[in-house]
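Down below is the structure, laid out as structure tokens.
Only the coordinates and a few stated rules stand behind these numbers; no lab work does. What you are looking at is a predicted structure, and each value in this text was computed from that prediction instead of being measured. Using ideal geometry, Cβ is built from the backbone for each residue, glycine included, and neighbour counts are taken over all protein chains shown.
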Amino acid sequence: MKKLITIGALSLFGLTLSIAHADENAIRQALAKSMPSIKVGTVKPSEINGLHEVTVGGNIFYASDDGRYLVQGHLVDIAARTDITEEKLSSVRKQAIDNLGIDKMIVFKPKVSKYTVSIFTDIDCGYCRKLHSEIDQYMAAGITIQYLFFPRAGKGSDSYDKAISVWCADDRKEALTAAKKGDKLEAKTCDNPVDEHMQLAEDFEVKGTPMIVTEKGNIFPGYLPAKQLAEALESEKSEK
């Protein structure tokens, strides 16, 4: 009897895996057909029966098992008072930034680095300029800053062109500092990651700049002084 039960359980488990795999394939095929430009990451069952969790870049969507319907929004566990989607988004953001790589960012690193943040910045944004004007204070606090460009005026704007000129400069850090002071830059073009930065900002639903992303993928929207940011990062480090 025990043997029969075991065989039955294994058969049921295998059937469940087969169905789950079939659902994943159906979703991937449906999305590839209807939205060929998006790059789908993971597809796995969500906490709600009939919905699969789909990662795209730095975002999370939910799809019906047949891939026909796509839901955008946050899944909230009312009983536990927990935003399930937001908790998962932090790891998705972290992975997306890791996938981009520091070779596609402009990095200011102190002699002794205690924390690392990635910051979406706009050269012509007032608070972005204020933050960068205090770069020495962030360095003194042991905060490594990895800059990504998010010219809010969009592609082809003056801010967009400045971002490309900074990236194509002989000394990117020096050019970025000069640009944020309002100095006129030599216009340059070259292969650059600015469009990738902007796509990532869109995936992260960046609404304004600066937007700070921590090592754990959490976000601090807006400017934070070095001391306050260091305290927040230290607090994050102590969290489980």
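Shape descriptor for the range 102-238: Rg over Rh equals 0.94 (Cα atoms; Rh from the Kirkwood inverse mean 1/r).
Backbone geometry of the range 111-128 corresponds, through the Karplus equation with coefficients 6.51, -1.76 and 1.60 at θ = phi - 60°, to 3J(HN,Hα) couplings of 4, 10, 9, 9, 9, 9, 10, 10, 10, 7, 10, 10, 4, 9, 7, x, 6, 5 Hz, x marking Gly and Pro. Over all orientations, the chain has a Cα convex hull whose mean projected area works out to 17.3 square nanometres. Each principal axis of the Cα cloud of the range 143-200 was evaluated for its coordinate range; sorted largest first, these ranges are 30, 25, 20 Å. Each residue of the range 204-214 is assigned a 3J(HN,Hα), and the resulting list reads 7, 6, 5, 9, x, 10, x, 10, 9, 10, 7 Hz, derived from the Karplus form 6.51 cos²θ - 1.76 cosθ + 1.60 (θ = phi - 60°), x at Gly and Pro.
Given 0.36 nm per residue, what is the gain on full extension from LYS227 to ARG81 after removing their alpha carbon distance, in nm?
49.4 nm
Dividing the summed -39500 (n - 2.57) terms of all DSSP H runs of n ≥ 4 by the residue count of the chain sets its mean residue ellipticity at 222 nm at -14000 deg cm²/dmol. Taking label points 7 Å from Cα along the Cα-to-Cβ direction, SER37 and LYS130 give a separation of 3.5 nm. Taking the Cα centre of the chain as origin and assigning +1 to Lys and Arg Cβ atoms and -1 to Asp and Glu Cβ atoms, the resulting dipole is close to 360 debye. Separation of the alpha carbons by more than 21 angstrom is noted, of LYS173/LYS207; LYS111/LYS180; LYS111/LYS173, for LYS173/LYS207; LYS111/LYS180. Multiplying the residue separation of LYS237 and CYS190 by 0.36 nm and removing their Cα-Cα distance gives an extension gain of 13.1 nm. In plain terms, the chain from LYS181 to SER113 could stretch by 21.9 nm, reckoned as 0.36 nm per residue minus the Cα-Cα distance.
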